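Taking it in order: structure first as structure tokens, then the write-up.
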Amino acid sequence: MNVSPSKENILKKIRKALSNPTPLPFPQSEGNQPVFSSAGQEPELEFAEQFNKLQGKFIYCINRQELAFQLVSLVKKMDWQKVYCLEEKLLEPAAAQLADRLTTTDLAGCDVSITGCEYLVARTGSIMLSSAQTGGRTASVYAPIHICIAYTSQLVYDIKDALQAAREKYGARFPSMLTLATGPSRTADIEKTLVVGVHGPKEVYVFLVEG
């Protein structure tokens with residue numbers, strides 16, 4: 001096939017250009033840098049600020065003894081008569097003081113459900129839960145009020161950090177469900193009016209324990 005001089009000239013320029021690699025014009029857009037950078041403050045403070053913005057109720061405890069005191073005080077103050085909890089270790093040493101209110105069978109009729117979590121995501125104020133936890137898919141959703149008890153060691157900055165930590169924790173036994181609870185359930189589907197507590201708990205508490 002004959003190639004005209006003008007086309008040959010163009011092809012020469014293309015070959016020459018291809019032989020000299022051109023640096024990426026926007027190297028920061030290649031996905032090798034985090035989209036969100038840390039706010040520069042302690043993750044406990046970051047989580048508390050974001051969680052409170054979502055109408056969550058945050059309580060910090062310096063140890064398990066303070067957790068017991070704060071939790072028992074809240075239950076009695078709110079007069080919750082049926083407290084659903086399948087994770088006995090979460091309530092130590094508060095279990096004895098709540099013994100007459102605890103239930104492990106009546107999730108549908110309880111006043112409040114208490115669970116642990118996988119991780120807390122500071123940037124979004126979210127609670128990561130999984131089907132591998134005791135209580136599975138239901139304990140954090142069906143009760144009108146959800147209390148999550150977590151430890152500072154479970155705090156991560158971003159969602160990707162929580163997912164990576166979950167992969168490392170479970171490996172081949174990865175849970176069939178991971179979910180992020182970001183504040184109380186809310187919807188504005190009906191006439192664009194915000195309604196809280198439609199598809200899940202209307203109030204969410206996080207007790208964050210140092211350790």
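The values are calculated or read from the model by the stated rules, or taken from the named source; none is laboratory data. Please read these numbers as outputs of a predicted model, since none were measured by experiment. All Cβ positions, glycine included, derive from the backbone under ideal geometry; neighbour counts span all protein chains shown.
Against the conditions (1) in contact with a strand residue (DSSP E or B) (Cβ under 6 Å, 6 or more places away or on another chain); (2) surrounded by 14 or more Cβ atoms within 10 Å (Cβ to Cβ); (3) under 30 Å from G40 (Cα atoms); (4) at pLDDT below 95, G211 satisfies every one except (2).
Of all the residues in the stretch 87-100, those that are surrounded by fewer than 18 Cβ atoms within 10 Å (Cβ to Cβ) and either part of a loop (DSSP other than H, G, I, E, B) or touching a residue at least 24 places away in the same chain (Cβ under 8 Å) (or both) number 6. Do we have any residue at all in the stretch 182-190 that's modelled with pLDDT under 95, among the acidic types (D, E) and crowded, with 19+ Cβ neighbours inside 10 Å? Within the stretch 182-190, none of the residues are modelled with pLDDT under 95, among the acidic types (D, E) and crowded, with 19+ Cβ neighbours inside 10 Å. Sub-9 Å Cβ pairs linking a first residue in the stretch 3-16 that is surrounded by 10 or more Cβ atoms within 10 Å (Cβ to Cβ) to a second residue that is modelled with pLDDT of 80 or more and part of a helix (DSSP H, G or I), at least 6 apart or interchain, are V3/L11, ordered by first then second residue.
Looking at D106, is it farther than 22 Å from K57 by Cα, of a type in the set (D, E, K, R) and exposed (fewer than 14 other Cβ atoms within 10 Å of the Cβ)?
Judged against the criteria, D106 is a match.
Selection over the stretch 142-176 of residues that are surrounded by fewer than 19 Cβ atoms within 10 Å (Cβ to Cβ) and part of a loop (DSSP other than H, G, I, E, B) gives a count of 6.
Just to be sure I understand, how many residues within the stretch 110-122 are in contact with a helix residue (DSSP H, G or I) (Cβ under 9 Å, 6 or more places away or on another chain) and either assigned to a strand (DSSP E or B) or surrounded by fewer than 19 Cβ atoms within 10 Å (Cβ to Cβ) (or both)? So the count comes out to 7.
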